[in-house]
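Report on one structure; see the data block that follows.
The values are calculated or read from the model by the stated rules, or taken from the named source; none is laboratory data. Quick caveat, the model's predicted, so the values are computed rather than measured. Cβ sites come from the backbone with ideal geometry, for glycine too, and all protein chains shown count toward neighbours.
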Amino acid sequence: MTEEQSFRRSFDSLEEIFAFTSGFFAAHGIDRGLLPTVDLALEELFTNMVKYSPAGNALIRIEMATTPGGVEVTLTDYDVDRFDVTKAPDANINLPIEERRPGGLGLHLIRRLVDSLHYEYSSESRQSRTTFRKTQSGRPGSDVRANEGG
């Protein structure tokens, strides 16, 4: 089963997004133990879209689909430049704190918490799609892929 909803390109939309995910989990009997990870990944990806593409389309679409043992989530952003979250460098967590550069920890963490992370971009329509999957049985961070379309 799949549901989708579009959200304003604003940090203020996070409360609505969390209500959407919580409702989806409840309606489809998905293990609520997965919800904190799904919400964290959604928050990181959504806020990056808001922060780094402020001039993009006013709405960002989120689709949620049930999968065996969990959920698959896709964020679609419109009229934006390519930014492949699967190719962003990992944060160097081994450096002393005073030598670290700000940023990158959110994506670093997401890659380790979700089962898979996939990115697609259409140059023709300037549309990006980021999809992640979280299940109870999946091995976090086991499948990270990118695709250039258009």
task = Just give me the residues in the stretch 40-59 being within 18 Å of Gln127 (Cβ to Cβ) and outside any loop (DSSP other than H, G, I, E, B), in sequence order.
result = Leu45, Phe46, Asn48, Met49, Val50, Tyr52, Leu59
query = Restricting attention to the stretch 25-50, which residues are within 16 Å of the chain's Cα centre (by Cα), surrounded by 14 or more Cβ atoms within 10 Å (Cβ to Cβ) and not β-branched (Val, Ile, Thr)?
reply = Leu34, Leu35, Asp39, Leu40, Ala41, Leu42, Glu43, Glu44, Leu45, Phe46, Asn48, Met49
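Condition check ((1) surrounded by fewer than 16 Cβ atoms within 10 Å (Cβ to Cβ); (2) at pLDDT below 80; (3) over 17 Å from the mean Cα position of the chain (by Cα)) across all residues:
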position: Leu59; (1), (2), (3): yes, no, no
position: Thr67; (1), (2), (3): yes, no, no
position: Thr74; (1), (2), (3): no, no, no
position: Val85; (1), (2), (3): no, yes, no
position: Glu98; (1), (2), (3): yes, yes, yes
position: Arg101; (1), (2), (3): yes, yes, yes
position: Leu107; (1), (2), (3): no, yes, no
position: Ile110; (1), (2), (3): no, no, no
Any pair with Cβ under 6 angstrom, 6 or more apart, that starts in the stretch 19-35 at a residue that is β-branched (Val, Ile, Thr) and ends at one that is part of a helix (DSSP H, G or I) and at pLDDT 95 or above = Thr21/Val38; Thr21/Asp39
Selected residue [touching a residue at least 24 places away in the same chain (Cβ under 8 Å), closer than 26 Å to Ser122 by Cβ and within 11 Å of the chain's Cα centre (by Cα)] from Glu63, Glu4 = Glu63
